[in-house]
């Protein structure tokens, strides 16, 4: 397998994520635009224009090109698993120069910016394995405006689902206009502290408008979306009917004495893209 060819594919994956909003998000933004009025409608018009210009000019749609997270599902029969991590890292370096991306990785001890979007544990790569001989990669660029509004709640199990709902809604209310709404809210329930936050971010990989396969979880998603949109925060915090485009929930089993809840907020520019890598080294960005 030609590693340079693989790097080129991952570079194109990053470029698409940074410069093109997925169709499901565009549909949701247009639906929001159709029901809003006044300042909220004007803000949504600006967002949709931004989307068109970024795609046309093939440039990042936001000056904060974010921190890159990669979700990598590796087929157990894929022959070149050992090439993937290095190919991703080299593609990130190239993307920083060629797209270009703003260098966003800073050493927390020295405040040194290395200038290439690499650093300790970055880019963040979440690995999983599945049957087959292909690799599926999704990247999720996430800026600090929305990431800073993420929150972890270690609730008492006695709080129950009502406590979970209150924590999620309170987190969104506290965030207000700072994460650049209309937002997408990823919620992880259960597991451990780190797993709950991981699930919240993983929930954001699901297309806007889709529901969880389990009916009770899908019902919770719809209930949370309705409550959040009644807050009146609105696009860019200027008031309106649509504060969130969607809420996605993922659930893990928990310890009997613990109820972790992770809330991960994504801004209106719900940037993500995916690709498949075949066993012969060919790839398609989707």
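The values are calculated or read from the model by the stated rules, or taken from the named source; none is laboratory data. What you are looking at is a predicted structure, and each value in this text was computed from that prediction instead of being measured. A quick note on method: Cβ atoms are made from the backbone with ideal geometry, for glycine too, and the neighbour counts reach across all protein chains shown.
For segment 161-174, enumerate the residues that are out of contact with any strand residue (DSSP E or B) (no Cβ under 6 Å at 6 or more places or on another chain) and touching a residue at least 40 places away in the same chain (Cβ under 8 Å). Please lay out each step first, then the result.
Initial filter on segment 161-174 (out of contact with any strand residue (DSSP E or B) (no Cβ under 6 Å at 6 or more places or on another chain)): 161-162, 165-166, 169-170, 172-174.
Across segment 161-174, the qualifying residues are 161, 165, 169, 172, 173.
If I filter segment 97-112 down to residues being part of a loop (DSSP other than H, G, I, E, B) and in contact with a helix residue (DSSP H, G or I) (Cβ under 9 Å, 6 or more places away or on another chain), which single residue comes out as surrounded by the most Cβ atoms within 10 Å (Cβ to Cβ)?
So the first thing to find is which residues in segment 97-112 are part of a loop (DSSP other than H, G, I, E, B), and the list is 99-105, 107-112.
Then drop every residue that is not in contact with a helix residue (DSSP H, G or I) (Cβ under 9 Å, 6 or more places away or on another chain), which leaves 99, 101-104.
Details: 99: 18, 101: 23, 102: 15, 103: 16, 104: 18.
Per the stated criteria, the residue is 101.
Using the structure shown, decide if residue 222 is assigned to a helix (DSSP H, G or I), out of contact with any helix residue (DSSP H, G or I) (no Cβ under 7 Å at 6 or more places or on another chain) and farther than 26 Å from residue 14 by Cα. Write out each step before concluding.
Values: assigned to a helix (DSSP H, G or I): yes; out of contact with any helix residue (DSSP H, G or I) (no Cβ under 7 Å at 6 or more places or on another chain): yes; farther than 26 Å from residue 14 by Cα: yes.
Yes.
Of the numbered conditions (1) touching a helix residue (DSSP H, G or I) at 6+ places or on another chain (Cβ under 6 Å); (2) over 24 Å from residue 239 (Cβ atoms); (3) touching a residue at least 60 places away in the same chain (Cβ under 8 Å), residue 54 satisfies every one except a single condition; which is it?
With (1) touching a helix residue (DSSP H, G or I) at 6+ places or on another chain (Cβ under 6 Å); (2) over 24 Å from residue 239 (Cβ atoms); (3) touching a residue at least 60 places away in the same chain (Cβ under 8 Å) applied to residue 54, the lone miss is (3).
Residues 164, 169: which one is within 17 Å of residue 262 (Cβ to Cβ), crowded, with 21+ Cβ neighbours inside 10 Å and in the same structural domain as residue 233 (by TED's automatic domain parsing)? Lay out the reasoning, then the answer.
Numbers: 169 fails: crowded, with 21+ Cβ neighbours inside 10 Å.
Result of the check over 164, 169: 164.
State whether the residues of segment 181-193 include one that is crowded, with 24+ Cβ neighbours inside 10 Å, assigned to a loop (DSSP other than H, G, I, E, B) and in contact (Cβ under 8 Å) with a residue 12 or more places away in the chain.
yes
Could you count how many residues in segment 12-43 are more than 16 Å from residue 54 (Cα to Cα) and within 18 Å of the chain's Cα centre (by Cα)?
Filtering segment 12-43 for residues more than 16 Å from residue 54 (Cα to Cα) gives 24, 27-28, 30-43.
Subset that is within 18 Å of the chain's Cα centre (by Cα): 24, 27-28.
Result for segment 12-43: 3.
In segment 67-79, is there at least one residue being more than 19 Å from the chain's Cα centre (by Cα), surrounded by 17 or more Cβ atoms within 10 Å (Cβ to Cβ) and in a helix (DSSP H, G or I)?
Within segment 67-79, the first condition is being more than 19 Å from the chain's Cα centre (by Cα), and the residues that meet it are 74-79.
Then drop every residue that is not surrounded by 17 or more Cβ atoms within 10 Å (Cβ to Cβ), which leaves 74-75, 78.
Retained after the next criterion (residues that are in a helix (DSSP H, G or I)): none.
No, that holds for no residue.
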